[in-house]
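Written below as structure tokens is the structure these notes are about.
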Amino acid sequence: MTNIDVLEDKKDKLIAKRYSKEKRFILFGRLAISLTIIFLTILLGSIVLRGISGFTTTTITFDVNLDKKLIDPESTNDKKIISSARWRKITRDSIYNVLNEINLVMNGEVLSKAEQKSLVRLFSRSSEYQIKDIVMDDLSLIGKTINVTLPAASEVDQFLKGRIDQSLPEDDRPLNNIQISWIKHMVDNDMINRTFNSNLFTKGDSRNAEEAGILGALMGSFFALLICLLISFPLGVMASVYLEEFAPKNRLTDVIEVNINNLAAVPSIVFGLLGLAIFLNVFNLPRSSPLAGGLVLALMTLPTIIISSRAAIKAVPPSIREAAMGLGASKMQSVTHHVLPLAMPGMLTGTIIGLAQALGETAPLLMMGMVAFIVDVPQSITDPATVLPAQIFLWSDQPERGFEEKTAAAIMVLLGFLLTMNALAVFLRNKFERKW
Amino acid sequence: MIKEQTKLDIDNVDVFYGKKQAIFNVDLEIKKNQVTAFIGPSGCGKSTLLRCFNRMNDLIDICKVSGSILLDSVNILDKKLDLVRLRTKVGMVFQKPNPFPKSIYDNVAYGPKIHGLCEDISELDEVVEKSLKSAGLWNEVKDRLNEPGTGISGGQQQRLCIARAIATNPDVILMDEPCSALDPIATARVEELMQELKKNYTIIVVTHNMQQAARVSEKTAFFHLGHLIEFGNTEEIFTSPNEIKTQDYITGRFG
Ligand SMILES: Nc1ncnc2c1ncn2[C@@H]1O[C@H](COP(=O)(O)OP(=O)(O)OP(=O)(O)O)[C@@H](O)[C@H]1O
Ligand SMILES: [Mg+2]
């Protein structure tokens, strides 16, 4: 046994120890990753399970008798007169007609008044407006009988999706026994069908779950983000380029730097208050408008963009600047020709992440009046609008059953957008990343 | 012997990095159309002094330079001096190759482009080809001028940087260890290039290679710890130095 052998022995032991340390570290790392994946799966899974059915809806197909006597007895073809016709009665009469015909075949008698009253609830309350819209679009239909497919009441939809417990006592159920037996009957007769819920993507908000859609909120979010991007990106890039490349390094720039970092951590509601005080009260921008909302979001994303842009600029090796300046490029040229193109992917990534944050923001918009029940889809940046997360918040507050799956479906759409934006950020980073 | 014209007159130059002094009171005259070699152990301030000649030290916030450096009798340390003009006159090849992450062609064409040296594309093509040929890189890259300049070998990158520096047609070329990443063949080519270039340009080269200094330069300056220890004709420095430190360094006894 020599000295060298002892030393070798010691070394071997140390190496074994180092390996086991590494193994343990990797194990913990994997454990952490698995836990995260499990939590995420549970979260996403529960949202998808609840929301997926929101993308389909139930429709009822039936004949409507567009009685000329009730709509336009004097053949004026005047839209004003037609629009103020008794659409509710026209709709109800047609519905009663259809139901009585079926009942006559089945039971050989007409429905009682009470039965009629409860069965008309299976149809959407908006049916009369939709029928009116169909006629207003094509006045030649007056006097004819047309076959329409309209959304069923939200309760029918929920029942068919298995969300209404039939074992409950009749009084505690949103649907009574007659209604349920008629639903089954109408399904057998192909009157009731399950289709893709196009209302969700083509309509604004509504008090009726079967009518409510997210288009209004989507457009609101789109306009607000557009404003946010158009303002915060150029400002953020210019500010960061100036601070990194041109500003002298002194007390003042240090203070500015600290303040920008602080701003990034300020709760978003504070930006909302600021926006309320400045944009609404001083500049008198229209309340609830994506213009005002977008400006607040721009204030909020600005620090994020500045911070990530500065990091991207810092990551450009100084040797590139030296090379450019050494060739006689001016500071400006070295920035625009070399530093900016190299930092751009990082800046874009930061911007997209900032925008994604803004997309999910509700609190500051609350102060700007963008968390509100708005039926009309906004057509411009000054129309009153709400945004996706605000819509989700509003729907989640609705007692009606039908809004529950709507809420989850809207969350899925929002997550889809966030995912797309983040994927875009990754794509940009990989595509434009350069090696040196 | 032809009369030697002074290109750069360095007088009483001190350089500080913050509180730390890197160059102490250096006086030096660089002659026109000659190669001057800076030698000395690592960290003695060769690069620092070299970077004074095109005011590259301005990019380092903590770096302060004092004294005077006359280029064709204009003080280039003057605060009001136009740096863009200075740097078109004084080109530089950096110690570490730093090509732009752009195509090989664009790397060389960048200088002529921003200074508007070429009238049209064909003229620019010519300049690029001439510069790459002078740097001995043309044959290796002529078929892939559009590939990124960062995608070639380290030695090729170094020669690309040389081509880029001479494309702007400067008066003085500063070379900071231009051959540190090159094989003997490429080194020989760069040395040849220096001999060729000095007919029209003034060259200052930093090198750790004693043979190279002896081969290519007319004058040699030896630095130690920020001080200029000895400056003179290369032949004399290498055969009969006045200072013991110089003697020790060139014979490899320290450094
Ligand atoms: N950016 C800087 N900040 C602070 N000190 C620096 C900086 N650059 C160089 N120095 C210091 O200045 C001194 C001279 O450095 P310089 O780079 O000029 O040496 P050099 O002679 O070129 O060495 P080498 O042969 O290794 O390149 C060194 O002590 C170095 O630590
Ligand atoms: Mg050096």
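The values are calculated or read from the model by the stated rules, or taken from the named source; none is laboratory data. Keep in mind the model is a prediction, meaning the values are calculated, not measured. Virtual Cβ from ideal backbone geometry, glycine too; neighbours counted across all protein chains shown. For accessibility, only protein heavy atoms count, side chains too; no ligands or nucleic acids. Shrake-Rupley method; radii C 1.70, N 1.55, O 1.52, S 1.80 Å.
None of A:Ser112, A:Ser46, A:Ser84 is in contact with a helix residue (DSSP H, G or I) (Cβ under 9 Å, 6 or more places away or on another chain) and hydroxyl-bearing (Ser, Thr, Tyr) except A:Ser46.
Restricting to region B:53-76, count the residues that are within 13 Å of ligand 1 (Cβ to nearest atom), in contact (Cβ under 8 Å) with a residue 40 or more places away in the chain and open to solvent by less than 40 Å² (accessible area, probe 1.4 Å).
Going through region B:53-76 one residue at a time, the tally reaches 3.
Quick grid of which residues meet (1) touching a helix residue (DSSP H, G or I) at 6+ places or on another chain (Cβ under 7 Å); (2) within 30 Å of A:Gly162 (Cα to Cα); (3) in contact (Cβ under 8 Å) with a residue 24 or more places away in the chain:
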| site | (1), (2), (3) |
| --- | --- |
| A:Ser330 | yes, no, no |
| A:His337 | yes, no, no |
| A:Ala363 | yes, no, yes |
| A:Ile381 | yes, no, yes |
| A:Ser396 | yes, yes, no |
| A:Asn422 | yes, no, yes |
| A:Ala425 | yes, no, yes |
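Every condition in (1) in contact (Cβ under 8 Å) with a residue 24 or more places away in the chain; (2) not assigned by TED's automatic domain parsing to the domain that holds A:Ala385 is met by A:Met219 except one, and the failing one is (2).
Of all residues assigned to region A:387-406, at least one qualifies as being among the acidic types (Asp, Glu) and part of a helix (DSSP H, G or I). Of the set (1) within 16 Å of ligand 2 (Cβ to nearest atom); (2) open to solvent by less than 80 Å² (accessible area, probe 1.4 Å), all apply to B:Leu197 but (1). Given the conditions (1) within 10 Å of ligand 1 (Cβ to nearest atom); (2) hydrophobic (A, V, I, L, M, F, W, C); (3) open to solvent by 40 Å² or more (accessible area, probe 1.4 Å), and given that B:Leu117 satisfies all but one, which numbered condition is not satisfied? So the condition that B:Leu117 fails would be (1). Reported count of residues in region B:128-160, each being part of a helix (DSSP H, G or I), open to solvent by less than 50 Å² (accessible area, probe 1.4 Å) and more than 16 Å from ligand 1 (Cβ to nearest atom), is 14.
Looking at region B:45-70, which of the residues that are of a type in the set (A, V, I, L, M, F, W, C) and within 14 Å of chain A (Cβ to nearest Cβ) is nearest to B:Asp248 (Cα to Cα)? Lay out the reasoning, then the answer.
If we filter region B:45-70 for residues that are of a type in the set (A, V, I, L, M, F, W, C), which is where we start, we get B:49-50, B:52-53, B:56, B:59-60, B:62-63, B:65, B:69-70.
If we keep only those that are within 14 Å of chain A (Cβ to nearest Cβ) as well, we get B:50, B:52-53, B:56, B:59-60, B:62-63.
Details: B:Leu50: 24, B:Cys52: 28, B:Phe53: 28, B:Met56: 31, B:Leu59: 35, B:Ile60: 33, B:Ile62: 33, B:Cys63: 31 Å.
The qualifying residue nearest to B:Asp248 (Cα to Cα) is B:Leu50.
Restricting attention to region A:153-193, the residues that are polar (S, T, N, Q) and touching a residue at least 60 places away in the same chain (Cβ under 8 Å) total 5. With respect to the conditions (1) away from chain A (no Cβ under 14 Å); (2) within 16 Å of ligand 1 (Cβ to nearest atom); (3) open to solvent by less than 50 Å² (accessible area, probe 1.4 Å), B:Ser42 lacks only one, and its number is (3). Only helices (runs of 4 or more DSSP H) whose full extent lies in region A:34-130 are considered here, and the ones with at least 1 residues that are among the hydrophobic types (A, V, I, L, M, F, W, C) and open to solvent by 80 Å² or more (accessible area, probe 1.4 Å) are A:87-107.
B:Gly91 - would you say it is crowded, with 20+ Cβ neighbours inside 10 Å and away from ligand 1 (no atom under 16 Å from the Cβ)? It is true that B:Gly91 is crowded, with 20+ Cβ neighbours inside 10 Å and away from ligand 1 (no atom under 16 Å from the Cβ).
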